[in-house]
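Asks: This is the structure, below, for whatever I ask next.
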Amino acid sequence: MNKNIKLAVAGAVLAMSASAANAGIVIPAGDWTLDVNGNVNAYMNFTKGNDSNTVTGGLAATKQTTGSNTVKGINTGLLPAWLGFTGKTRQNDLDVEFTISLQPGVSANDISGDGAFVDGTKASNGSKMLNRQTYLSFGDKSWGSIKLGKDLGIFASDAILNDMTLLGVGSGAGLSGSSANTTNGGIGTGYLYAAWKGQVAYTTPNMNGFQATVGITNPNMGSLETSQSRFGIEGKASYSFAANDVTGKIWVSGLSNRVKTDEVAAVAAAYGSVSAASTTNTIVVRPAVAFVPQYTYNANVFDIGGTVNYAGFGLTGYYYNGEGVGTTLVGANAISADGQKRDSDGGYVQLTYVLPVKTKLGVAWGESNLDKAGNDTDDLLKTNERWTVGAYHPITKHLNLVAEYNHISSENHRGEENKSYTGSLGAILFF
């Protein structure tokens, strides 16, 4: 796993007196030290959704078209199964490092169970292999480090790395081998997804607990922009502290993207999907949208958060606010059909406590809000809200049992609401 994720998981696991995530399998190899690391996790998920209201951008599971209100599946949680390879060396007064990682699915729902191809096309519910990291870095503790390649985004990275559902499920559980491959955790119900991005980033040395990162990133706009007009700009600053038995961290971060849509992609921005290839000149016609012109706008967002730990207790608070960034994923549902930017905000609060038997108990509440703009209808999402109760118990140095309950509600601007309930049981093994 990448350095940030290893540290976050190490912190979560160490709070339960398991130290597996500090390092993987270390192999000396000439001038290099190779670290083979990762995890395997799987959860049985039981989800119930009784409602079927139209909430564009809602995350609550709805009643199935078959009439059933329950879904059962076996999947990875928020953190996918992971196999990472990190090499480190010291050369010419520089610390040089590379990381390459793969994230396989643990379950599939196609007829063969192996993510089979049907008529040359991969089954939509087959397991997938992800590639979230391929980067190099170099630097020195005296002046900092430079990273080039694909890694977790800078903005909102601390929000996900401090989410207790990183060791569990959160929202988004569904069928086995679902096309998403992982669940959402608290993404979209308290924070925006940092995503995995190509980037060139500079990180300062640690200066008595203060550290900052600034970088240009690939804005990951998907079908929103066929010709990327500029890089994304992201940055964050943090301060870690320790005083007697109290430890903690506070941080701020931000993101700015320049978005230029085409006619087809403008519909995607408003409705969250595209039904025609953006490489054609086809104009997508949807209800009440006969022609959608091109729009150009700036998408900006900032956040602030903090976490503090004392005597087995951990408290985390987080808030974000943006315009033109949408909700859940940066750029999803970001503008109205007539090109007006939607404002959004949200946050979460999380309280954990480690029992004398090393079981970590936690409760969290979070919500993400999306305002109407332009000619939006009342079907648009107003709020995704989540309540999570979890228990995380280390039965060995490397293996943790997990039990979670998540209540998700999605409400549109008409006041209609979908509610779903997910119970999860499983385990996560770090190496």
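Computed from the coordinates by the stated procedures, all read-outs in this text should not be read as laboratory data. Nothing here was measured: the structure is a model prediction, and the numbers come from that model. Don't worry about glycine lacking a Cβ; one is built from the backbone with ideal geometry, like all the others, and counts go over all protein chains shown.
Asks: Return yes or no: is V308 assigned to a strand (DSSP E or B), of a type in the set (V, I, T) and within 15 Å of D371 (Cα to Cα)? Working first, answer last.
Replies: Working: assigned to a strand (DSSP E or B): yes; of a type in the set (V, I, T): yes; within 15 Å of D371 (Cα to Cα): no.
Taking the combined requirement at face value, the residue does not satisfy it.
Asks: Continuing with the same structure: Can we say Y405 is closer than 23 Å to K358 by Cβ and among the hydroxyl-bearing types (S, T, Y)?
Replies: Values: closer than 23 Å to K358 by Cβ: yes; among the hydroxyl-bearing types (S, T, Y): yes.
Criteria met by Y405.
Asks: Turning to a different aspect of this structure: Taking only pairs six or more apart or across chains, which ones have beta-carbon atoms under 6 Å, a first residue in segment 198-210 that is touching a residue at least 24 places away in the same chain (Cβ under 8 Å), and a second residue that is in a loop (DSSP other than H, G, I, E, B)?
Replies: Matching pairs, first to second residue: G198/N218; P205/K141.
Asks: Against the definition (on the phi > 0 side of the Ramachandran plot and within 18 Å of the chain's Cα centre (by Cα)), how does G324 come out, yes or no? Don't jump to the end; show me each part of the working.
Replies: Numbers: on the phi > 0 side of the Ramachandran plot: yes; within 18 Å of the chain's Cα centre (by Cα): no.
No, not satisfied.
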